[in-house]
Amino acid sequence: MGTISKEAIAELERAAELILAPPNEVSPEARKQAETLYESAHQQLPLDDILNFLTNCNDAYLQHNSHIFLVYEFVRWTGETTLRDWSLIDERKPEYIYKLLLQFIANSNNLANYVVSAALQSVAMIIKRGIVDKRTGPEEQLYEMIQNLLTNESHRMAREFYLFF
C-alpha cells in the first residue's frame with residue numbers, strides 16, 4: 001500500500017489556498033496552475049494513497065480551510081477512482097471503501113456539509129455499482145446499514161444520505 005508524501009500533501013495544500021483565495025489576491029495563471037496540479041493529482045494518485053490520506057486525517061487537520069478543501073477533493077476522488085479502477089481492484093475492496101468513507105464522516109466532528117455530501121455521493125456511486133457486481137457485501141447487511149443511517153441520530157447525516165439513495 002502506497003503513501004502520499006508530506007511534501008506532496010503540502011504542495012496540494014498550497015494549491016488549495018490559491019484556489020480558495022479571492023480573485024484579487026491571485027493571478028489567473030497561479031490559479032490555473034493550482035487547478036492543473038489538482039487535476040494531475042487526481043489522475044495519478046493510486047487509490048491506496050487516497051485511502052491512506054483519509055484514514056490518517058484527524059479533526060485537528062480539518063480545522064484549516066485549505067485542508068478541508070483537500071479532504072473534499074480526496075473524498076470525491078475516492079468514488080471516482082474506485083469506479084475508474086473497478087476491474088482492477090480486489091472484489092472485497094468496494095465494501096471496504098464505502099465503509100471507510102462512512103466511518104470517516106461519522107467520526108469527523110464538524111465536517112463541512114459539502115464534504116459530507118461528497119463522501120455520501122462517493123458511497124452511493126460505489127454501492128450502486130457494487131450491487132450490479134455483488135461487491136457490496138451481504139445484501140441484508142447493506143440494507144441494515146442503510147436503514148441505520150437513515151434513522152441515525154444525526155439528522156444532518158440521515159438527510160444527506162437520503163438524498164443519494
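Every number here is computed from the coordinates shown, using simple stated rules; none is lab data. What you are looking at is a predicted structure, and each value in this text was computed from that prediction instead of being measured. Counting neighbours? That spans all protein chains shown, and the Cβs are built from the backbone with ideal geometry, glycine included.
Points to keep in mind about this one:
- The set of residues from region 118-132 being surrounded by 11 or more Cβ atoms within 10 Å (Cβ to Cβ) and without any contact (Cβ under 8 Å) to a residue 40 or more places away in the chain comprises Ile127, Lys128, Gly130, Ile131.
- Scan region 94-117 for residues that are farther than 17 Å from Met145 by Cβ and either assigned to a helix (DSSP H, G or I) or in contact (Cβ under 8 Å) with a residue 60 or more places away in the chain (or both) and the total you get is 4.
- Selection within region 79-100 - out of contact with any Leu (no Cβ under 7 Å at 6 or more places or on another chain), buried (at least 21 other Cβ atoms within 10 Å of the Cβ) and under 24 Å from Glu11 (Cα atoms): Gly79
- Considering Leu37, Leu47, the condition of being farther than 17 Å from Ser66 by Cβ and of a type outside the set (Gly, Ala, Ser) is satisfied by Leu47 alone.
- Arg76 passes every criterion in (1) under 20 Å from Lys93 (Cβ atoms); (2) surrounded by fewer than 16 Cβ atoms within 10 Å (Cβ to Cβ); (3) among the basic types (Lys, Arg) apart from (2).
- Enumeration of residues in region 14-45 that are among the acidic types (Asp, Glu) and either free of Cβ contacts under 8 Å to residues at least 40 places away in the same chain or exposed (fewer than 15 other Cβ atoms within 10 Å of the Cβ) (or both): Glu25, Glu29, Glu35, Glu39
- Close pairs from region 46-75: first without any contact (Cβ under 8 Å) to a residue 60 or more places away in the chain and more than 13 Å from Leu100 (Cα to Cα), partner of a type in the set (D, E, K, R) and assigned to a helix (DSSP H, G or I), Cβ under 6 Å, at least 6 apart: Ser66/Glu13; Ser66/Glu17
- Of the residues making up region 1-44, not one is in contact with an Asp or Glu (Cβ under 7 Å, 6 or more places away or on another chain), assigned to a helix (DSSP H, G or I) and polar (S, T, N, Q).
- Any hit, region 78-85, residues being under 17 Å from His42 (Cβ atoms), assigned to a helix (DSSP H, G or I) and in contact with a Lys or Arg (Cβ under 9 Å, 6 or more places away or on another chain): yes
- Any chance Val75 is within 14 Å of the chain's Cα centre (by Cα), part of a helix (DSSP H, G or I) and more than 17 Å from Ile126 (Cβ to Cβ): no
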